[in-house]
Amino acid sequence: MEEKVKISVIMGVYNPVEQKQLQAAVRSMIRQTMADWELILCDDGSHITYQPLIDEAIEMDERIIRIRNKTNKGLGYSLNQCLSIAKGKYIARMDGDDISEPERFRKQYDFLERHPEYQWVGSNSRLFDEHGVWGADCVPERPEASDFLSYSPYIHPSVMFRAEVLRKIKGYPISEETRRCEDYELFMRLHKAGYRGYNLQEPLIRYREDEHTYRKRTIQSRMQEVKIRYRGFRQLGILRPETAAYVMRPLAAGLFPPTVLNRIRQSTRKGYRVDQHAKTV
């Protein structure tokens, strides 16, 4: 019988523009203090010109497994493909341009081993771009339904799941509607099913985000998130006259310049902080 690894890391990549970003993400896994992991990297139909960048990342460690979609299918589909062959007891998320701190896997693994009442665990994050660390995002320790009103109360690439729970709810949603917010839908569906997650109150990842990230979204993707919010809020029992404005939040956010949007996020999401002086990553 094939021996299971403790942690399967699942990652989807598509046309990775920066070689150093993908390599830095992989290197942060290699530097983990807990070595019993595998990385399943799904190339989501990247153009042939990007293959050398992906090849170099794959060759960095023998624990990396590569699978490939013939055409671009989206992150949810790619993560489900990774999940279908994952051997780990736990499933950790990781994006190809983020950084996991060295103790991340060990701390999250130990937490889930000690706390069977939680089905996944995330963490806070440091926010960074090409200039360095410019802020922080601190999410609620024990998220409840109402925490979904403003934003998802979990930072997706910081999360480690129990594999059996992720499979029980049939993984990530696959549709055009959820293509840009598959994690938001997933976490609301998990809460609706009675499962609960926890956020360690320390930054275990560095999350790549610049001030223009949210502005890059199209009107179509914003409309799709409105639909996801409406359906999810209704299922969680938080859709009421006084909360209806939160459903339309993605459309309203597109009207504000980045600096104003960051101020709004700081005022509505406890712990979201923009530092005036960036540090070097």
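Read-outs: derived from the displayed coordinates by stated rules, not from any lab. Please read all numbers here as calculations on a predicted model, not as lab measurements. Cβ: placed from backbone, ideal geometry, glycine included. Neighbour counts: every protein chain shown.
Condition test on Tyr151, is it surrounded by 17 or more Cβ atoms within 10 Å (Cβ to Cβ), closer than 20 Å to Arg27 by Cα and out of contact with any helix residue (DSSP H, G or I) (no Cβ under 7 Å at 6 or more places or on another chain)? So Tyr151 does not fit the description; no. Take the residues in segment 101-125 that are assigned to a helix (DSSP H, G or I) and among the aromatic types (Phe, Trp, Tyr); name whichever of them is surrounded by the most Cβ atoms within 10 Å (Cβ to Cβ). Filtering segment 101-125 for residues that are assigned to a helix (DSSP H, G or I) and among the aromatic types (Phe, Trp, Tyr), the one surrounded by the most Cβ atoms within 10 Å (Cβ to Cβ) comes out as Phe105.
Taken together, Glu164, Glu141 contain a single residue that is in a loop (DSSP other than H, G, I, E, B) and surrounded by fewer than 23 Cβ atoms within 10 Å (Cβ to Cβ), which is Glu141.
Every test in (1) surrounded by fewer than 20 Cβ atoms within 10 Å (Cβ to Cβ); (2) closer than 18 Å to Tyr207 by Cα; (3) of a type outside the set (Ser, Thr, Tyr) is passed by Ile48 save one, and that test is (2). Does segment 138-153 contain any residue that is in contact (Cβ under 8 Å) with a residue 12 or more places away in the chain and closer than 25 Å to Lys73 by Cβ? Yes, segment 138-153 contains at least one residue that is in contact (Cβ under 8 Å) with a residue 12 or more places away in the chain and closer than 25 Å to Lys73 by Cβ.
For segment 113-129, a residue qualifies if it is out of contact with any helix residue (DSSP H, G or I) (no Cβ under 9 Å at 6 or more places or on another chain) and either farther than 19 Å from Ala92 by Cα or aliphatic (A, V, I, L, M) (or both), and the qualifying residues are Leu127, Phe128, Asp129. Would you confirm whether any residue within segment 42-54 is within 19 Å of Tyr90 (Cα to Cα) and touching a strand residue (DSSP E or B) at 6+ places or on another chain (Cβ under 7 Å)? Yes, some residue in segment 42-54 is within 19 Å of Tyr90 (Cα to Cα) and touching a strand residue (DSSP E or B) at 6+ places or on another chain (Cβ under 7 Å).
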